Every structure is written in C-alpha cells, then in structure tokens.
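Down below is the structure, laid out as structure tokens.
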Amino acid sequence: MQQHDARNSHEVARSHPIRIHRSSSSLVRSLTSLIVAPVRNGLGLRAAVGFRPNRTIIKIVGRVVDAGILWDRGGTFADNCFRFGPETYLDPGNEAGRYLNHSCEPNAGIRKNRNQLFLFAARAISRGDEIAIDYSTILGDDDIWTMTCQCGGRSCRGTIRRFGTLPLDLKRDYVRRGLVPKYILATLRRNVSP
C-alpha cells in the first residue's frame, strides 16, 4: 500500500474547525469534507464529499495524554480516546475525531505519520456515507477496553475487543489493507503478516 503524505494538498481534504449550525430538527456540525450529524446510534461523521480509496480524510487532532490519565478519568473520556503510542492516547476533545464511530465493516482507517494521526478512506466513500473505522484496529494487545457492537453489519462480531482477538483471516486482511497502525501491530504477541 502506498503511503500518502498528508502535506500533499491535492491528496488531503481541507478541514476547518467545526462550525455549528442550528436547525429545527437537530444540531448539525460541519467541516469542509465532513458533517457531524445523526447516524444509526447517535452522532457520527458523514462524508460531505466523496473520497477515493487511500485518500486522507482529516487529521485527528487533540491532545496526547498519558495512559494513567485515561485510567483515572475513564468513562466517556476514555471511550473517545485513540491509542497514540505505547503509553499514550489522543483525546480528540470536541473535534471531529470524537464522532468517529465503529463498524465491523469499516470504510476508513487510522494512520500515524510524523507523529500525527490521520483518518483515511479504506475504500471509496460516497457523499452522505457514514465514515467508520473498526475500533479493534486502534486497540493494542495490552488494551482491555471492550464495547458491545451496534454497527448492524452482516459481519458484526457483537463485541469490540483489542486487535489481537480478531480472527486470523480478518487480522491479515486488515494488515494487508493498511488498516492497522504499526504501533498497534507492535503490541501483538504473534505475527499476523499476510
């Protein structure tokens, strides 16, 4: 898989701070390339434009926190954080990353490049589609977080767990497609190379 450098402006969808629009039916937040809007299980990210496979969608912004802070605060705070390194997590605060939902049939993934996290299209995404990752791809073998899955996909696993617990064929497929950041692979006890 070819790595795309987020500095190439023609390959990166421009993103801006979330703008809040009030309508009579709901609160909708929009960016240039994404909309935070109602989805199947609350609020989520929808594509405001189409994305080709491997295209960077947005940079996941926030503050990096130590794992100890994650454990101390727990709850929704911990649920919204992204694994960032061996002992660190990225808290997206109220930025777009907070609204990135899970699917057992993801159309996007997370890449780490130059110490920054980027959301990228794992396959073609059409305007209006919900953008979702498989949370298991950002959970190392030393993470214990789990969640009941409500994705509704045909291949729904029912429970979201760390990457190492996935079936071997699925792990190999995700690795082949570049959906698992290297820092997550480094936590595995066994090699899952395709």
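At a glance:
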item	result
Cα shape, the stretch 84-184, gyration tensor, a/c 1.5 rule	rounded
Local electrostatic count at residue 68 - Lys and Arg +1, Asp and Glu -1, tallied over other residues with Cβ under 15 Å	-3
Placed amide H near residue 34: partners under 5 Å, 5+ positions off or other chain	48
Gap separating the Cα centres of the stretch 50-80 and the stretch 152-175, nearest whole Å	20
Relative exposure of 69, 35, 184, 138, judged by other C-beta atoms within 10 Å (fewest first)	69, 35, 184, 138
Hz values of 3J(HN,Hα) by residue in the stretch 176-185 - Karplus curve (6.51, -1.76, 1.60), Gly and Pro given as x	4, 7, x, 8, 10, x, 4, 5, 7, 4
Distant-in-sequence amide H partners of residue 81 (H built 1.01 Å from N, under 5 Å)	none
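None of the figures in this text is laboratory data; all of them are computed from the coordinates on show. Predicted, not measured: the structure shown is a model, and the values here were computed from it. With ideal geometry, Cβ positions are generated from the backbone for all residues, glycine too; neighbour counts draw on all protein chains shown.
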